[in-house]
């Protein structure tokens with residue numbers, strides 16, 4: 001390996017320069033204000049967690065975790081997601097105070113380095129968790145919150161694809177011979193490898209009607225006009241009735257134009273038990289967010305309550321958020337030593353008017369002309385009175 | 001109607017796939033000048049082709065700069081990109097196999113495999129429970145066993161003519177290969193109507 005140069009940072013790590021920082025702040029502040037108004041409380045959890053608790057319960061694969069060892073010899077992880085730490089805090093403390101909980105976060109998470117660009121090892125997420133509510137209205141609230149949040153951020157061209165992990169599992173399991181076949185087919189759907197799915201189904205030599213059921217299910221599910229078309233694949237209708245309810249709530253809330261149902265939607269996040277969804281927007285080739293119901297995760301922390309949540313990736317939101325036209329209205333106040341008092345007063349006055357004002361002594365500048373270029377307005381406090389430009 | 005960007009592999013597969021699109025009813029010019037061009041606009045269909053090296057097609061699609069693409073299964077197995085595999089076009093068929101000089105066995109201490117497909121080769125031998133050393137090459141793989149760089153090569157075989165001409169024989173069949181229609185996950189959702197329509201029309205032309 002070639003020696004590390006002075007400017008380099010570890011693989012997958014990114015600097016946030018002032019302009020991007022400002023954009024992220026807009027997303028953070030807009031999101032925070034919006035979520036607080038909807039009754040969500042923001043919380044923070046530590047960057048480091050135990051591998052045995054959060055590390056193992058998290059749905060992120062082991063090889064993607066950053067691990068280190070503390071002074072007592074315990075293995076620690078840099079948190080790979082926020083849902084698991086929040087489940088830990090909620091089950092151990094917060095649920096005893098209020099139920100259901102509506103929590104929100106804006107935090108950085110870590111995934112192990114990958115060699116290729118475009119896959120940061122540290123990125124920020126903003127999201128919510130509704131814990132202690134198993135009703136379909138919590139599912140609807142999560143989806144509606146996601147839709148409203150995107151619209152508040154000025155994003156209009158997006159799509160939320162909704163599936164159901166339970167329904168998918170029931171349909172596949174009903175038609176295959178064993179767990180191994182189920183897992184194989186499920187994995188193929190996670191990658192949406194339709195060709196592979198069809199090949200695998202045929203290679204199992206299933207009873208002809210079971211084979212046909214699986215093949216036509218995948219075809220129907222991708223081109224459904226109404227979710228009713230899927231009912232015929234189900235023997236146990238509870239989950240289906242649940243999804244129908246969800247669809248009608250979303251219709252009442254006037255959200256139909258942003259959503260699409262796809263019952264082949266599968267996630268590698270193995271703690272999703274029921275409804276799950278992915279969010280895409282024009283401008284990014286990657287999902288900008290995802291979410292779902294994860295009752296199973298709370299079980300791992302010892303409390304059986306329903307929970308649902310979603311997270312948006314800030315780096316992908318930045319790609320799809322409409323460009324704000326940049327207006328430079330910064331003011332520079334230049335002074336020489338004897339005029340310090342007057343300069344301080346002038347700068348304060350300008351700041352009180354809400355103008356972003358930089359106070360700079362002439363003595364501290366080597367190249368005045370180059371520095372002045374960064375400002376829209378320049379005030380020189382000189383002996384002959386103030387000069388505005 | 002949204003603009004659709006299609007990443008196509010340069011060369012032989014391009015022509016076969018292009019003919020399939022014409023057969024599927026897309027209004028495309030009969031002859032395309034593709035000697036040096038990297039992009040072809042088809043305004044009447046709102047389609048833009050980008051011409052890439054076959055190995056790079058999944059990369060363009062994964063990053064979303066192309067909405068869909070046509071890629072060989074060999075490339076998909078090797079690259080393991082996050083793209084949706086929607087349709088087997090059943091064109092450009094061949095297979096991946098191991099080959100070597102006739103009547104030879106693998107070196108017992110450190111068997112060496114030369115290949116353009118290190119991931120596929122490594123997966124195959126691991127699955128078989130054989131520990132081998134992989135040597136990555138970019139072309140003329142057949143040279144490796146001839147001059148003693150490796151015991152076996154792992155490469156695509158279509159007619160077997162190249163192997164024969166270089167005095168090599170096929171040992172193990174690894175997997176079948178054909179061209180697939182792949183899609184970017186975001187495009188698949190955001191431009192679902194166009195993509196599903198294209199899949200449906202192409203499906204009818206698959207032989």
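Residues that are within 30 Å of residue A:150 (Cα to Cα): which helices (runs of 4 or more DSSP H) entirely in the stretch A:284-389 hold 1 or more of them? Hits in the stretch A:284-389: A:295-300, A:314-320. In the condition set (1) assigned by TED's automatic domain parsing to the domain that holds residue A:138; (2) at positive phi; (3) without any contact (Cβ under 8 Å) to a residue 24 or more places away in the chain, residue A:285 is compliant with all but (2).
Going through A:280, A:371, A:335 one at a time, which residue ends up being assigned by TED's automatic domain parsing to the domain that holds residue A:52 and either over 18 Å from the mean Cα position of the chain (by Cα) or closer than 30 Å to residue A:261 by Cα (or both)?
Going through A:280, A:371, A:335 in turn, just one is assigned by TED's automatic domain parsing to the domain that holds residue A:52 and either over 18 Å from the mean Cα position of the chain (by Cα) or closer than 30 Å to residue A:261 by Cα (or both): A:280.
Does residue B:115 satisfy being buried (at least 17 other Cβ atoms within 10 Å of the Cβ), farther than 24 Å from residue B:197 by Cα and not assigned by TED's automatic domain parsing to the domain that holds residue B:186? Criteria met by residue B:115. Kindly indicate whether residue A:199 is modelled with pLDDT under 90 and within 21 Å of residue B:200 (Cβ to Cβ). No, not satisfied.
Only one of A:144, A:150 is within 14 Å of chain B (Cβ to nearest Cβ) and in a helix (DSSP H, G or I). Can you tell me which? Before the answer, list the steps.
On the way: A:144 fails: within 14 Å of chain B (Cβ to nearest Cβ).
The match here is A:150.
Exactly one residue out of B:145, B:118 is more than 27 Å from residue B:18 (Cβ to Cβ) and away from chain A (no Cβ under 14 Å): that is B:145.
Somewhere in the stretch A:33-55, is a residue within 25 Å of residue A:141 (Cβ to Cβ), assigned to a helix (DSSP H, G or I), in contact with a strand residue (DSSP E or B) (Cβ under 7 Å, 6 or more places away or on another chain) and in contact (Cβ under 8 Å) with a residue 24 or more places away in the chain? Let's see the steps before the verdict.
Within the stretch A:33-55, the first condition is being within 25 Å of residue A:141 (Cβ to Cβ), and the residues that meet it are A:33-45.
So of that shortlist, the ones also assigned to a helix (DSSP H, G or I) come out as A:33-37.
In the following step, the residues that additionally are in contact with a strand residue (DSSP E or B) (Cβ under 7 Å, 6 or more places away or on another chain) were identified as A:35.
Retained after the next criterion (residues that are in contact (Cβ under 8 Å) with a residue 24 or more places away in the chain): A:35.
Yes, the stretch A:33-55 contains at least one residue that is within 25 Å of residue A:141 (Cβ to Cβ), assigned to a helix (DSSP H, G or I), in contact with a strand residue (DSSP E or B) (Cβ under 7 Å, 6 or more places away or on another chain) and in contact (Cβ under 8 Å) with a residue 24 or more places away in the chain.
Return the residue satisfying two criteria in turn: it lies in the stretch A:155-178 and is free of Cβ contacts under 8 Å to residues at least 60 places away in the same chain and within 17 Å of residue A:267 (Cα to Cα), and of such residues it is nearest to the other protein chains (Cβ to nearest Cβ). Checked the stretch A:155-178; the qualifying residue nearest to the other protein chains (Cβ to nearest Cβ) is A:172. Can residue B:61 be described as within 14 Å of chain A (Cβ to nearest Cβ) and either assigned to a helix (DSSP H, G or I) or under 12 Å from the mean Cα position of the chain (by Cα) (or both)? Answer is yes for this residue.
Condition test on residue A:257, is it surrounded by fewer than 19 Cβ atoms within 10 Å (Cβ to Cβ), over 17 Å from the mean Cα position of the chain (by Cα), part of a helix (DSSP H, G or I) and within 14 Å of another protein chain (Cβ to nearest Cβ)? Here the answer is yes, as residue A:257 does meet what is asked.
Taking the conditions (1) over 17 Å from residue B:69 (Cα atoms); (2) modelled with pLDDT under 95 in turn, residue B:174 satisfies each one other than (2).
Could you tell me which of the residues B:85, B:108, B:78 is crowded, with 17+ Cβ neighbours inside 10 Å and closer than 30 Å to residue B:149 by Cβ? Full working, then the answer.
Values: B:85 fails: closer than 30 Å to residue B:149 by Cβ; B:108 fails: crowded, with 17+ Cβ neighbours inside 10 Å.
The match here is B:78.
For the stretch A:153-194, the candidate set comprises residues that are in a loop (DSSP other than H, G, I, E, B) and in contact with a strand residue (DSSP E or B) (Cβ under 8 Å, 6 or more places away or on another chain); within that set, the residue that is nearest to residue A:317 (Cα to Cα) is A:155.
Annotation: residue A:192 fulfils all but one of (1) within 13 Å of another protein chain (Cβ to nearest Cβ); (2) buried (at least 18 other Cβ atoms within 10 Å of the Cβ); (3) touching a residue at least 60 places away in the same chain (Cβ under 8 Å); (4) farther than 21 Å from residue B:89 by Cα; the unmet one is (4).
So is residue B:31 in the same structural domain as residue B:167 (by TED's automatic domain parsing), at pLDDT below 90 and either in a strand (DSSP E or B) or surrounded by fewer than 20 Cβ atoms within 10 Å (Cβ to Cβ) (or both) or not? Spell out how you get there, then give the answer.
Details: in the same structural domain as residue B:167 (by TED's automatic domain parsing): no; at pLDDT below 90: yes; either in a strand (DSSP E or B) or surrounded by fewer than 20 Cβ atoms within 10 Å (Cβ to Cβ) (or both): yes.
So residue B:31 fails the test.
Give me a count of the residues in the stretch A:260-274 that are more than 14 Å from every other protein chain (Cβ to nearest Cβ) and either more than 24 Å from residue A:131 (Cα to Cα) or at pLDDT 95 or above (or both).
Pass one, the stretch A:260-274, residues more than 14 Å from every other protein chain (Cβ to nearest Cβ): A:263, A:269-274.
Subsequent filtering for residues that are either more than 24 Å from residue A:131 (Cα to Cα) or at pLDDT 95 or above (or both) retains A:263.
Matching residues across the stretch A:260-274 total 1.
When you look at residue A:130, is it closer than 27 Å to residue A:79 by Cβ and either within 16 Å of the chain's Cα centre (by Cα) or not in a strand (DSSP E or B) (or both), yes or no? Judged against the criteria, residue A:130 is a match. Residues of the stretch B:191-202 that are over 14 Å from residue B:70 (Cβ atoms) and within 11 Å of chain A (Cβ to nearest Cβ): B:191, B:192, B:193, B:196, B:197, B:200.
Candidates in the stretch A:212-230 are the residues that are more than 14 Å from chain B (Cβ to nearest Cβ) and in contact (Cβ under 8 Å) with a residue 12 or more places away in the chain; of these, the one that is farthest from residue A:161 (Cα to Cα) is A:213. Within the stretch B:147-161, the set of residues being free of Cβ contacts under 8 Å to residues at least 40 places away in the same chain, in contact with a strand residue (DSSP E or B) (Cβ under 9 Å, 6 or more places away or on another chain) and more than 20 Å from residue B:118 (Cβ to Cβ) comprises B:159, B:160. Residue B:66 - would you say it is in contact with a strand residue (DSSP E or B) (Cβ under 8 Å, 6 or more places away or on another chain) and either away from chain A (no Cβ under 13 Å) or not in a loop (DSSP other than H, G, I, E, B) (or both)? Criteria not met by residue B:66.
Regarding the stretch B:125-134, can at least one residue be identified that is surrounded by 13 or more Cβ atoms within 10 Å (Cβ to Cβ), out of contact with any helix residue (DSSP H, G or I) (no Cβ under 6 Å at 6 or more places or on another chain) and more than 14 Å from chain A (Cβ to nearest Cβ)?
At the first step, the residues of the stretch B:125-134 found to be surrounded by 13 or more Cβ atoms within 10 Å (Cβ to Cβ) are B:125, B:132-134.
From the residues that got through so far, the ones that are out of contact with any helix residue (DSSP H, G or I) (no Cβ under 6 Å at 6 or more places or on another chain) too are B:125, B:133.
The next check asks that each one be more than 14 Å from chain A (Cβ to nearest Cβ); those that pass are B:125, B:133.
Yes, that holds for at least one residue.
Among the residues of the stretch B:152-190, which ones are part of a loop (DSSP other than H, G, I, E, B), away from every other protein chain (no Cβ under 14 Å) and surrounded by fewer than 22 Cβ atoms within 10 Å (Cβ to Cβ)? Reasoning before the result, please.
First, the residues of the stretch B:152-190 that are part of a loop (DSSP other than H, G, I, E, B): B:158-160, B:166-168, B:178, B:184.
Checking the rest, the ones that are also away from every other protein chain (no Cβ under 14 Å) come to B:158-160, B:166-168.
Those that are part of a loop (DSSP other than H, G, I, E, B), away from every other protein chain (no Cβ under 14 Å) and surrounded by fewer than 22 Cβ atoms within 10 Å (Cβ to Cβ): B:158, B:159, B:160, B:166, B:167.
Among the residues of the stretch B:167-174, is there at least one that is touching a helix residue (DSSP H, G or I) at 6+ places or on another chain (Cβ under 8 Å) and at positive phi? Yes, the conditions are met somewhere in the stretch B:167-174.
The values are calculated or read from the model by the stated rules, or taken from the named source; none is laboratory data. Worth saying up front: this structure is predicted, and the values here are computed from it rather than measured. Neighbour counts run over all protein chains shown; Cβ positions are idealised from the backbone, glycine included.
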